[in-house]
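I have placed the structure first, in the form of structure tokens, so that the comments after it can refer back to it.
Just so you know, all these numbers are worked out from the coordinates, no wet-lab data involved. Only a predicted model underlies this, so the values are computations on that prediction, with no experimental measurement involved. All Cβ positions, even for glycine, are placed from backbone atoms using ideal geometry, and neighbour counts span all protein chains on display.
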Amino acid sequence: MAIKITDECINCGACEPECPNNAIYEGGVEWAMADGTTVKGSFTLMDGSVIDADQRNAPVSVDTYYIVPNKCTECQGFHEEPQCAAVCPVDCCVPDEMYQETVDDLMEKKSRLHL
């Protein structure tokens, strides 16, 4: 299951540099699969749609930091726990119930992001 940032976010930015997948962006900033990963060319998202890895995509949130679910691996294969949640001073980095993924799913996602 991916992590999400709730509306309680105070925009401190502590989480952003901790993400090994560069899945966290400041509110209003466009994201791309290629940012902080080795992904190149076409990439199939969790919903089955295909995008170019360098394509700039609309921000998930405009007002607060956000996590791109297609890039979030809950730090599996990097750390024992999600680093965003570990450093968040207001505990607003929580599991995203919309994305049910097993550890194996998350490790597969990690392998797709970092060849």
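Select from the range 36-45 the residues that are assigned to a loop (DSSP other than H, G, I, E, B) and surrounded by 12 or more Cβ atoms within 10 Å (Cβ to Cβ) and list them in ascending order.
Pass one, the range 36-45, residues assigned to a loop (DSSP other than H, G, I, E, B): 36-41, 45.
Of everything in the range 36-45, those that are assigned to a loop (DSSP other than H, G, I, E, B) and surrounded by 12 or more Cβ atoms within 10 Å (Cβ to Cβ) turn out to be GLY36, THR37, VAL39, LYS40, LEU45.
Just checking, does the range 23-31 include any residue being in a loop (DSSP other than H, G, I, E, B), over 17 Å from ALA2 (Cα atoms), in contact (Cβ under 8 Å) with a residue 12 or more places away in the chain and aliphatic (A, V, I, L, M)?
Among the residues of the range 23-31, at least one is in a loop (DSSP other than H, G, I, E, B), over 17 Å from ALA2 (Cα atoms), in contact (Cβ under 8 Å) with a residue 12 or more places away in the chain and aliphatic (A, V, I, L, M), which makes the answer yes.
Look at ALA86 and say whether it is loosely packed, with under 15 Cβ neighbours inside 10 Å, over 14 Å from HIS114 (Cα atoms), over 14 Å from the mean Cα position of the chain (by Cα) and in contact (Cβ under 8 Å) with a residue 60 or more places away in the chain.
Working: loosely packed, with under 15 Cβ neighbours inside 10 Å: yes; over 14 Å from HIS114 (Cα atoms): yes; over 14 Å from the mean Cα position of the chain (by Cα): yes; in contact (Cβ under 8 Å) with a residue 60 or more places away in the chain: yes.
Judged against the criteria, ALA86 is a match.
Taking GLU101 as meeting all but one of (1) surrounded by 15 or more Cβ atoms within 10 Å (Cβ to Cβ); (2) part of a loop (DSSP other than H, G, I, E, B); (3) touching a Gly at 6+ places or on another chain (Cβ under 6 Å), write down the number of the exception.
The one condition GLU101 does not meet is (3).
Within the range 46-66, does at least one residue satisfy the condition of being touching a residue at least 24 places away in the same chain (Cβ under 8 Å), within 14 Å of the chain's Cα centre (by Cα) and buried (at least 20 other Cβ atoms within 10 Å of the Cβ)?
yes
Out of (1) over 12 Å from the mean Cα position of the chain (by Cα); (2) under 15 Å from THR73 (Cα atoms), what's the single condition that is false for ASN11?
Condition (2) is where ASN11 drops out.
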